[in-house]
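Engineer: This structure is in structure tokens; I'll ask about it shortly.
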């Protein structure tokens, strides 16, 4: 035998060298060695009840805003009636004592008399009405307050604060009689509107019912100081008064009548009509002179408790640009209505969502933090409805909420110093973004609005808040399943340290830990750069292993508790929360150890290997399939590193015994993972001896009949290693290994040239050293193999030209690199040693 022939006769279990790897070789190596793991995203259960903070919230009932409250018309206040520019003077530092003597006691010379206001203030040159408490309309007698928001109440307030003591203001006996005031043009505006009569007077003098009175006419509306105005201003005022008399006042009067009769359908229609008229005349916002009259009329309708009417009222009142407490109460009203899923149709058929989003964009969040809280709570509830969720996405909700989140986060108050309302608000914002992230089309908006870096910044400043961290982790876990989002997150260099900070601060919060680790698993599944960056963070591996140990102990206790209460069934079940955390942690380890540095360190880590072995020992595949399979896959990845420091190498026999138990299960995925580990461990003589002594090799011969390509591929790899010894080849031949390999070659060669090449390598090893031993091939086997190889080596007949061009090119590359060289050598050897045999007429 010449030297070249001896070289070609080397067994194929010895590694081959190549100057440059082809694409097919790279693919083959990936199939044989390290693999990233996939797992399902953690399930987020739907909350049964709509509340600001769900049952899993870390906030206690005494440190969070209520989700249930009462709301009535009396909850609203009248500061909206005061002009925006109206100044409030500070009270006097002392109260001068005045003798409360009647103004008509003129016989006492030394007692100053309280001046009596003239009967006609316009003639007397007065620039303000007499002294009334305009800031508290609830305490005034009837017919005391002007309907105007302008000059009258401002001057009144100034007069009260600057000229009279408070105790005088309470002496109502010194006010003129109501009939006297009405003579000088002051319109009734206490608890009743200009367009109605008070509910206290709904009965006439003789006991008969009377309808609400009609609107005041233009001539009865006071325009104090109108003589000093110019003629264009008077013309504009007259035009506005005409608009009120002709268009608005009749609607308001009808509203009062419908309210009196409690006709909800008419009230809804009238409110819609009023909104339309105001919009057409450009009188929305704070431009209408009678805005306060409209608001007080609308506030009163809240008491009817109709959800349909409430939505229409809220939309109209918000369009009038209320602020302060009234804005808060309107947001609370919408919040109450949105708590019922049955009311979702009211929001679908109305533009109230636009009004809610407008609040978030136009109002100041610091000033109206509580109103923002209930506004966002409503949006969060509605985002649970798929139809409304898509509507929110179309209305730029992602962009609006990311901007709001950025504004709050970038404010001067951070972390523990931030107001409670700000953190409560961020819980609602992130919960809504979490729902929006469910839509696959939303990720474009998340990327365009730079949401991922902002979420990382939010984590940085609110790492102490479990609810915010949990919501952010849910958003990231949903988005990181997409490659583009995962790449954007990987570019946030601080995300790795933030993840570790969250894990170290909240290791006991399972729903938070499982999502952070899941996101980490997605990041480390993509490329070596992310694996290296996480590994370089201080304490990264230590944190993952510590969590693995903590949740392993928790799972042990849970399993013991279950065993005591009931017998375990053999049916596959959904993983528990603790098992799910273990699954995600082990998957992260499997992905991390693909990096050579990380993999070598983990393979040499006794704690890591011990934990993996303990899981394989106590957890059966019937109890938790994914956990056992992921653990075996991680062991397979770590078994790739077989240097002197590897704990896998040192404990290879113990691991082989654990995996032998997995070979006996009925789960094909579990068997496949065990076979892959044996493919690495069977390189060692002591492991091969164990497999032959314990008849483990029989299982791998039987796996050739599985008709499962990946299982056959792994089994064939193990058999190649077992055929290193001649004694093993004899036992394998007796088990029918050669015949089964030829059948596999016939079944899978044309669709999997990598497997076909591996089968040829195993058959070559069976045919080893024929000069010194009897052939292991029977005559019929040799003839079948000769004919089959001749057929498969014919390029025109072997390659399927019906495939697309890209796939055809790939198959041809695999055929040329993986199959053709070894198949050709095997064919030549068979021809030399079986030349006396006649081939079959045609391949089977």
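Engineer: Against the definition (touching a helix residue (DSSP H, G or I) at 6+ places or on another chain (Cβ under 9 Å) and modelled with pLDDT of 95 or more), how does residue 425 come out, yes or no?
Structural biologist: no
Engineer: A further question on this structure: Quick one: residue 713 ticks every box in (1) assigned by TED's automatic domain parsing to the domain that holds residue 748; (2) buried (at least 19 other Cβ atoms within 10 Å of the Cβ); (3) over 41 Å from the mean Cα position of the chain (by Cα) bar one, so which box is it?
Structural biologist: (3)
Engineer: Right, another one. Scan the stretch 502-513 for residues that are closer than 19 Å to residue 458 by Cα, assigned to a helix (DSSP H, G or I) and in contact (Cβ under 8 Å) with a residue 40 or more places away in the chain and jot them down.
Structural biologist: Once the filter is applied, which keeps residues that are closer than 19 Å to residue 458 by Cα, assigned to a helix (DSSP H, G or I) and in contact (Cβ under 8 Å) with a residue 40 or more places away in the chain, the stretch 502-513 yields 502, 503, 505, 511, 512, 513.
Engineer: When you go through (1) closer than 24 Å to residue 52 by Cβ; (2) surrounded by fewer than 21 Cβ atoms within 10 Å (Cβ to Cβ); (3) in contact (Cβ under 8 Å) with a residue 24 or more places away in the chain one by one for residue 342, which number turns out not to apply?
Structural biologist: (3)
Engineer: Within the stretch 268-285, track down each residue that is outside any helix (DSSP H, G or I) and either more than 38 Å from the chain's Cα centre (by Cα) or crowded, with 22+ Cβ neighbours inside 10 Å (or both).
Structural biologist: Scanning the stretch 268-285 gives 281, 282, 283.
Engineer: Name the one entry in 817, 844 that is at pLDDT 70 or above and either surrounded by fewer than 21 Cβ atoms within 10 Å (Cβ to Cβ) or not in a loop (DSSP other than H, G, I, E, B) (or both).
Structural biologist: 817
Engineer: Which ranges mark the helices (runs of 4 or more DSSP H) fully within the stretch 386-479 that have 2 or more residues being closer than 26 Å to residue 493 by Cβ and either in contact (Cβ under 8 Å) with a residue 24 or more places away in the chain or in contact with a strand residue (DSSP E or B) (Cβ under 8 Å, 6 or more places away or on another chain) (or both)?
Structural biologist: 397-409, 420-436, 443-448, 451-461, 466-479
Engineer: Looking at 335, 299, which is the one that is closer than 17 Å to residue 346 by Cα and under 42 Å from the mean Cα position of the chain (by Cα)?
Structural biologist: From the options 335, 299, the qualifying one is 335.
Engineer: Please determine whether any residue of the stretch 670-679 is in contact with a helix residue (DSSP H, G or I) (Cβ under 6 Å, 6 or more places away or on another chain) and more than 24 Å from residue 631 (Cα to Cα).
Structural biologist: Within the stretch 670-679, not a single residue is in contact with a helix residue (DSSP H, G or I) (Cβ under 6 Å, 6 or more places away or on another chain) and more than 24 Å from residue 631 (Cα to Cα).
The values are calculated or read from the model by the stated rules, or taken from the named source; none is laboratory data. Since this is a predicted model, take the numbers as computed values, not measurements. Note: ideal-geometry Cβ built from the backbone for every residue, glycine included; neighbour counts use all protein chains shown.
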